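Asker: Structure in structure tokens, see below.
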Amino acid sequence: MREAELREWMARHGQSLHARGYAPGTSGNISARLDFGILITPTNSCLGRIDPGRISKVAPDGRVLAGDSPSKEAFLHLAMYAERPDAKAIVHLHSTHCVAVSCLCHENADDVLPPITAYYVMKIGKLPLIPYFAPGDRDLAEAVRAKAAKHHAVLLANHGPVVAGKSLDDAVYAIEELEETAKLFLLLHGRSTRFLDGAQIVDLEKRFPS
Ligand SMILES: [Zn+2]
């Protein structure tokens with residue numbers, strides 16, 4: 001996709017995510033990889049009202065090349081791109097149900113959501129929890145970097161999810177699947193639940209290799 005088209009689609013996805021309550025206030029950010037650097041939504045901007053022409057362009061080392069000041073969380077995106085050469089886009093949200101799951105105490109921080117549905121297994125798989133750091137803290141970016149080579153989706157404790165995709169659509173649809181799974185997980189809490197078993201997960205991985 002050409003840069004102008006990417007900018008347009010980032011704004012459209014932002015509007016859609018905001019309209020459906022996935023990105024309240026000025027929370028959340030969307031980025032896309034360019035041949036050199038990335039495009040990322042500006043700091044303190046509402047995803048519902050992104051001006052495609054003002055989206056920030058940032059070099060791989062974090063230097064601002066053009067556009068408005070980038071999101072404070074740009075370093076988190078850059079760390080994930082550096083570890084995942086096939087990632088073409090990243091979406092980060094403060095979506096309610098994922099944030100709720102990120103605040104729970106988890107016995108296994110390597111994978112904090114159970115395999116509730118086939119689509120969750122196919123689009124996300126495993127979801128490690130990254131310890132809490134203040135937004136914009138460079139240590140947060142380093143903690144994400146440590147997990148990013150093996151995981152295209154991570155959950156930041158008391159904060160929200162970060163999901164990389166092979167395209168912008170791919171990243172958006174995967175984070176939506178994750179948010180809905182977090183909602184299901186909370187709805188099912190306290191009920192006797194049948195999750196997918198190990199054999200069913202292996203079967204899905206064979207049928208739909210990522
Ligand atoms: Zn955030």
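The values are calculated or read from the model by the stated rules, or taken from the named source; none is laboratory data. Since the model is a prediction, treat every value here as computed from it, not as a measurement. Cβ sites come from the backbone with ideal geometry, for glycine too, and all protein chains shown count toward neighbours.
Asker: If the requirement is being away from the ligand (no atom under 13 Å from the Cβ), of a type outside the set (Asp, Glu) and either in contact with a His (Cβ under 7 Å, 6 or more places away or on another chain) or at positive phi (or both), which of these qualifies: 62, 53?
Answerer: After ruling out the rest, the residue left standing is 62.
Asker: Separate question: Restricting attention to segment 125-159, which residues are among the small types (Gly, Ala, Ser), more than 15 Å from residue 79 (Cα to Cα) and within 14 Å of the ligand (Cβ to nearest atom)?
Answerer: Selection gives 134, 157.
Asker: When residue 82 is evaluated against the numbered criteria (1) touching a residue at least 60 places away in the same chain (Cβ under 8 Å); (2) of a type in the set (Gly, Ala, Ser); (3) assigned to a loop (DSSP other than H, G, I, E, B); (4) over 21 Å from residue 26 (Cα atoms), which criterion, by number, is the only one it fails?
Answerer: Just one mismatch for residue 82, condition (3).
Asker: OK, next. Checking the conditions here, which among 91, 58, 64 is among the hydrophobic types (A, V, I, L, M, F, W, C), crowded, with 23+ Cβ neighbours inside 10 Å and over 20 Å from residue 24 (Cα atoms)?
Answerer: 58
Asker: Moving on to the next point. What pairs can you find where one residue is in segment 137-163 and over 23 Å from residue 97 (Cβ atoms) and at pLDDT below 95, the other is within 12 Å of the ligand (Cβ to nearest atom) and not aromatic (Phe, Trp, Tyr), and their Cβ atoms are less than 6 Å apart, with a gap of 6+ or different chains?
Answerer: Pairs found: 141/76.
Asker: Taking into account only those residues within segment 89-124 that are out of contact with any Leu (no Cβ under 7 Å at 6 or more places or on another chain) and among the charged types (D, E, K, R), which is farthest from the ligand (Cβ to nearest atom)?
Answerer: My answer is 107.
Asker: Within segment 28-43, track down each residue that is surrounded by fewer than 24 Cβ atoms within 10 Å (Cβ to Cβ) and within 12 Å of the ligand (Cβ to nearest atom).
Answerer: Matches in segment 28-43: 43 only.
Asker: Can you tell me how many residues within segment 18-50 are within 20 Å of residue 86 (Cβ to Cβ) and of a type in the set (A, V, I, L, M)?
Answerer: 6
Asker: Filter segment 1-27 for residues that are assigned to a helix (DSSP H, G or I) and of a type in the set (A, V, I, L, M); which is nearest to the ligand (Cβ to nearest atom)?
Answerer: Ranking the candidates gives 17 first.
Asker: If the Cβ limit is 8 Å and pairs must be 6+ apart or interchain, which residue in segment 89-112 that is under 11 Å from residue 154 (Cβ atoms) pairs with which residue that is β-branched (Val, Ile, Thr) and in a helix (DSSP H, G or I)?
Answerer: Listed pairs, sorted by first residue: 112/101.
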